2 protein chains.
Amino acid sequence: MGLTPVERAAHYATRSPRFAKVTSKHLAYLHSVLDTPCSATQRRGKMLTEAQAIAPFNVDWMGQIEGAAPAVLLPTSTAQVSEILRYCQAERLAVVPQSGNTGLVYGAEPVFDELVLSTHLMNAAPVVSTSTMSVEAEAGVILQQCQEACAKEGLLFPLTMGSKGSSMIGGNVSTNAGGIHFARYGSMHANVLGVEVVTAKGDVLNLMSTLRKDNAGYDLKHLFIGSEGTLGVVTRAAIKLFPQPASRQLALFRLTDFESVLELYQLANSHLAECLSAFEVMDGESMTTSPAAEVPYERVSKNDVFRAGTSFSAAYFCVLVETNGSNEGHDFDKLSGFVEAAQSKLGDRLNGGGQYEPILSQSATQTEQLWSLREGVPVHLASGGLIYKYDVSFPIDKFYGIVEYTREILYKKEKMNPDEVIVVGYGHFGDGNIHLNVVDLTRSHVEQLDAALYPAVYEYCAAHNGSISAEHGVGMQKRDYLHLSRTPGAIQLMKDVKTMMDPNGILNPYKVLQLE
Amino acid sequence: MGLTPVERAAHYATRSPRFAKVTSKHLAYLHSVLDTPCSATQRRGKMLTEAQAIAPFNVDWMGQIEGAAPAVLLPTSTAQVSEILRYCQAERLAVVPQSGNTGLVYGAEPVFDELVLSTHLMNAAPVVSTSTMSVEAEAGVILQQCQEACAKEGLLFPLTMGSKGSSMIGGNVSTNAGGIHFARYGSMHANVLGVEVVTAKGDVLNLMSTLRKDNAGYDLKHLFIGSEGTLGVVTRAAIKLFPQPASRQLALFRLTDFESVLELYQLANSHLAECLSAFEVMDGESMTTSPAAEVPYERVSKNDVFRAGTSFSAAYFCVLVETNGSNEGHDFDKLSGFVEAAQSKLGDRLNGGGQYEPILSQSATQTEQLWSLREGVPVHLASGGLIYKYDVSFPIDKFYGIVEYTREILYKKEKMNPDEVIVVGYGHFGDGNIHLNVVDLTRSHVEQLDAALYPAVYEYCAAHNGSISAEHGVGMQKRDYLHLSRTPGAIQLMKDVKTMMDPNGILNPYKVLQLE
């Protein structure tokens, strides 16, 4: 049942006749570019053309779409990227930039026979400066390696997320990656100080800087942050760092209803204020999917949740609250005051008659364990069946409505069985960013789910002042729903910018905008 | 001696023949647009054509350049702004958007006979939302009024600066205004959640949103933040708010040398960390210009400073350190710990043998007094003579070099007299943002200063990894020096964006980019 990844790719787009087919002449030229080091110390680039070597670059992280790139280009320098794109623009060869390939919206993989331009070999050790409190890193540096290089110098890299072990700086910048510390430290638009980009025409645009304030003309770097590699390829970035917190504390709460989560968040804001570094919410159903050993509170069976009544609301919510600060005593004081205030205000809605006391992490190991609860959720879900992931955002008081709405559709209208299809919600509450996940455990309801969920979920976003993409971007998956979050005027201006910067549309085609 | 404001304006540009002359037919049409309310509750707009009424709109805050606008247009709605710009684009009439007119780079005034489009009447009361922690304000709302509306709801507006009583939200967004809390709360790129803009073609672009995370396509608002009204007119903005700090503390330090300032900053970062909200530096000479009553430390005569030797370095530096936090006791603890660490590490470089003990503010009144020391500096300087203001940024360890370099040029090379021409530096240390001010007390050295300072100061920036504009923007004043901070490729892309969005170049001509 259902489409193969190749069929699913073709379902989203038709190969544009605008692009030339890649010939052996093209490949010979591109190989010669990659095989020429730019300096005596520079490594040679690489070109992969063997089917087996190319395979992982052709498929997305979820294994849902698959393209047929004839070659993967692995440059080692910005100059090589420039030569490649200049040539491809002139020859009308379509190119997909790819770094860690951890995206979730079909934005970084070939759809048909585009060339893959991978940043994997552009991964020199990041350069951390304690005097400017910034790091400069090449596009192929893995996020976690960048974090570790900064930590060594006592500095905190502002971005972190579940995919930190694979995702790369180039993709982080190009997709304006968000993650769990977004509410505290801000977006890539806030933290990127400078970028080096190769435009779709092959021009190297040096916008590198470590200056904090720099109002010299239009701030062009923002064109490349979050445009998902459709306007240029980010080859290097300079990113703002923060003092490494001396103290990191974590508390886990179990609440009976969504209203209580809202109240807890308001208490966190007033009691923890400048220390608050994460406020993550997971509904009971998303906890149920976690391996039993890791869940500190009792498990609730799916049936209890969904058969209890017709409201289809979650049986409970778990909340992880993290503080980062410079003084352990002060932070502990603040956290204790917060927990007390929560207990006094929420009473049994918080502790269930003493059954669900808040858990304050007592050690670094326990902190890791509690975080793994949250970080494990998407991994466990993905392993459970065919997964539909929706990354959407709302004003925070409407955070959870989309999950209840989806359950109404699937269980009430479509009469689906909660033992076969599960609907969960979890995410970054402070950002209004909820991850709605629908898992088809038996992989047998694809057609019914496709029809029931698209475009209903995105239309719900549009009707409730939400965004169809909070942090994952648009890619190919959400391209045709962009009009639900953006006005025709805004979409037209996006197209004008794209056409101006990439006249032949060679860079990451079929993604973000519907151009034909 | 020197140029009149009208001559100075003409010195920077030649009126472009591309623009039509404003005729009475044009004015009649524009008047009819402004005189038509968009709804029953909407006020009528206004058009000013009397010389006396127009006069204040024709001159910049420093009284240095003066244009000759034939009319000032004061719309009351976005729809009127749209009709005006659509008409002016079609008729090739040049338009200067203006809000508070507090800019310092000749960016918001007419140069010749451009029409002034003022946002003064677009000033409905700002709407503060405690649930989304954001404020929506029209372009003509005065910054301080916006701050006060937010404070009433217990929330902090992230921007503040000396001109808060006159500058307006439209200009704040369009110029990416910085100010004293930038290091803590970030830039307008970081804090603006959404904007409504009328493009140079007259299209209304609704990019309003209060969502924290929203990656649905290119983030177009960044095109309008900091492009100084050359691409569109910001008519409304939604801006992120922060919890109003329960505690605000301030300390004033007097240090003997710049090295000590750097050391003090490092201590502030480690001891105050998440509480640090401002770290402002003023050199001794900038303090000397303050009225005596307000200066807590002894005054140093200019002669002592500059005749002491050939190094031309400042005799001392004052540093204002502010904390904002949620718990007064914790913040006081942190501040005390910081002061102790500073005294122990810097010793006599900090307290001059007990003569200059740090001053910790004991009351709200004293806090106001200490801040007025800092905020008074530019005001006192401007009243002292003809002022040259340079707003530049550097990596923080090179923060003060530009002041010493300028003194070298003026006193050593040009043999000028420190009693007649003073050179001071002050600014936002954490952002590397220094305000270099040169004041010609006798107003009799204009030609010599012009020749000695331009382009020497900006070339120094370029040679030391600095920016020719930290927070004030480019305007007309720095337009021809943009190449010192931006590559030819970047400037070309700025021009391409401008041409695409404003085909006839009618919006804020002669500013930011040299287009002909």
By residue number, the members of the stretch A:210-265 that are within 30 Å of B:Leu267 (Cα to Cα), facing chain B (nearest Cβ under 7 Å) and charged (D, E, K, R) are A:Arg212, A:Lys213, A:Asp214
Please list, ordered by first then second residue, the pairs with beta carbon atoms under 9 Å, 6 or more apart or interchain, first in the stretch B:340-361 and surrounded by fewer than 16 Cβ atoms within 10 Å (Cβ to Cβ), second among the acidic types (Asp, Glu) and modelled with pLDDT under 90. B:Gln343/B:Glu357; B:Gln355/B:Glu298
Exclusive hit being in a helix (DSSP H, G or I) and either hydrophobic (A, V, I, L, M, F, W, C) or touching a strand residue (DSSP E or B) at 6+ places or on another chain (Cβ under 8 Å) (or both), set A:Val33, A:Val116: A:Val33
Report, ordered by the first and then the second residue, all pairs with beta carbons closer than 7 Å, sequence separation of six or more or different chains, a first member in the stretch A:482-499 that is under 19 Å from A:Ile225 (Cβ atoms) and without any contact (Cβ under 8 Å) to a residue 60 or more places away in the chain, and a second member that is aromatic (Phe, Trp, Tyr) and surrounded by 19 or more Cβ atoms within 10 Å (Cβ to Cβ). A:Met494/B:Tyr218
Does B:Leu264 count as at pLDDT 95 or above, in a helix (DSSP H, G or I) and buried (at least 21 other Cβ atoms within 10 Å of the Cβ)? yes
B:Asn206 versus (1) closer than 26 Å to A:Arg212 by Cβ; (2) free of Cβ contacts under 8 Å to residues at least 60 places away in the same chain: which is the lone unmet condition? (1)
Which condition number does B:Gln266 fail, the rest of (1) over 20 Å from the mean Cα position of the chain (by Cα); (2) closer than 30 Å to B:Ala490 by Cα being met? (2)
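Within the stretch B:267-286, how many residues are over 20 Å from B:Val377 (Cβ atoms) and either outside any helix (DSSP H, G or I) or within 9 Å of chain A (Cβ to nearest Cβ) (or both)?
So the count comes out to 8.
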Return yes when A:Gln369 is without any contact (Cβ under 8 Å) to a residue 60 or more places away in the chain and not hydroxyl-bearing (Ser, Thr, Tyr) and no when it is not. no
Let me confirm something: among B:Ile434, B:Ile387, which residue is at pLDDT below 95 and under 25 Å from B:Thr102 (Cα atoms)? B:Ile387
Please go through the stretch B:5-39 and give me each residue that is of a type in the set (S, T, N, Q) and more than 14 Å from B:Phe112 (Cα to Cα), ordered by number. B:Thr23, B:Ser24, B:Ser32, B:Thr36, B:Ser39
Counting only residues in the stretch A:367-401 that are of a type in the set (A, V, I, L, M) and touching a strand residue (DSSP E or B) at 6+ places or on another chain (Cβ under 9 Å), the one surrounded by the most Cβ atoms within 10 Å (Cβ to Cβ) is identified as A:Val392
Among (1) without any contact (Cβ under 8 Å) to a residue 60 or more places away in the chain; (2) under 16 Å from the mean Cα position of the chain (by Cα), the one test that A:Lys152 misses: (2)
For the stretch B:233-261, which residues satisfy the criterion of being under 19 Å from B:Ala341 (Cβ atoms) and either among the acidic types (Asp, Glu) or assigned to a strand (DSSP E or B) (or both)? B:Gln249, B:Leu250, B:Ala251, B:Leu252, B:Phe253, B:Arg254, B:Leu255, B:Asp257, B:Glu259
Considering (1) outside any helix (DSSP H, G or I); (2) more than 10 Å from chain A (Cβ to nearest Cβ); (3) surrounded by 23 or more Cβ atoms within 10 Å (Cβ to Cβ), say which one B:Gly170 fails and leave the rest. (1)
Any residue that is surrounded by 22 or more Cβ atoms within 10 Å (Cβ to Cβ), within 14 Å of another protein chain (Cβ to nearest Cβ) and at pLDDT 95 or above - is there at least one of those in the stretch A:311-321? no
Check A:Ala183, A:Ala190 and return the single one that is free of Cβ contacts under 8 Å to residues at least 60 places away in the same chain, touching a strand residue (DSSP E or B) at 6+ places or on another chain (Cβ under 9 Å) and facing chain B (nearest Cβ under 10 Å). A:Ala190
Those residues of the stretch B:196-232 which are part of a loop (DSSP other than H, G, I, E, B) and aliphatic (A, V, I, L, M), in sequence order: B:Ala200, B:Met208, B:Leu211, B:Ala216, B:Leu220, B:Ile225, B:Leu231
Restricting the stretch B:36-83 to residues that are part of a loop (DSSP other than H, G, I, E, B) and of a type in the set (A, V, I, L, M, F, W, C), the residue that is nearest to B:Leu207 (Cα to Cα): B:Cys38
Please go through the stretch B:17-56 and pick out each residue that is within 32 Å of the chain's Cα centre (by Cα) and buried (at least 17 other Cβ atoms within 10 Å of the Cβ). B:Phe19, B:Val22, B:Leu30, B:Leu34, B:Gly45, B:Lys46, B:Met47, B:Leu48, B:Ile54
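Quick grid of which residues meet (1) of a type outside the set (Asp, Glu); (2) within 19 Å of A:Ala246 (Cα to Cα):
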| position | (1), (2) |
| --- | --- |
| B:Thr323 | yes, yes |
| B:Glu328 | no, no |
| B:Lys334 | yes, yes |
| B:Ala341 | yes, yes |
| B:Lys345 | yes, no |
| B:Asp348 | no, no |
| B:Gly354 | yes, no |
Go through the stretch A:421-516 and tell me which helices (runs of 4 or more DSSP H), entirely inside it, have 3 or more residues that are away from chain B (no Cβ under 14 Å). A:446-453, A:456-463
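Without any contact (Cβ under 8 Å) to a residue 12 or more places away in the chain and not acidic (Asp, Glu): does that describe B:Ser383?
So B:Ser383 fits the description; yes.
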Of the residues B:Ala90, B:Ala68, B:Ala79, B:Ala108, only one is in contact (Cβ under 8 Å) with a residue 60 or more places away in the chain and farther than 30 Å from B:Cys146 by Cα; which? B:Ala68
Answer yes if at least one residue in the stretch B:120-133 is more than 20 Å from B:Val192 (Cα to Cα) and of a type outside the set (Ser, Thr, Tyr), and no otherwise. yes
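Results for (1) surrounded by fewer than 23 Cβ atoms within 10 Å (Cβ to Cβ); (2) of a type outside the set (D, E, K, R), shown as yes or no for each residue.
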| position | (1), (2) |
| --- | --- |
| B:Val403 | no, yes |
| B:Glu414 | yes, no |
| B:Asp419 | yes, no |
| B:Tyr426 | no, yes |
| B:Asn504 | yes, yes |
| B:Lys511 | no, no |
| B:Gln514 | yes, yes |
For the stretch B:198-207, give me each residue that is within 10 Å of chain A (Cβ to nearest Cβ) and hydrophobic (A, V, I, L, M, F, W, C). B:Val204, B:Leu205, B:Leu207
Any residue in the stretch B:431-457 that is closer than 23 Å to B:Asp397 by Cβ and in contact (Cβ under 8 Å) with a residue 12 or more places away in the chain sitting within a Cβ distance under 9 Å of a residue that is surrounded by 21 or more Cβ atoms within 10 Å (Cβ to Cβ) and among the basic types (Lys, Arg)? List the pairs, counting only those 6 or more apart or interchain. B:Asp431/A:Arg212; B:Asp431/A:Lys213; B:Gly432/A:Arg212; B:Gly432/A:Lys213; B:Asn433/A:Arg212; B:Asn433/A:Lys213
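The values are calculated or read from the model by the stated rules, or taken from the named source; none is laboratory data. Remember, predicted model here, so these are calculated numbers, not experimental data. So basically every Cβ, Gly included, is an ideal-geometry build from the backbone, and we count neighbours across all protein chains shown.
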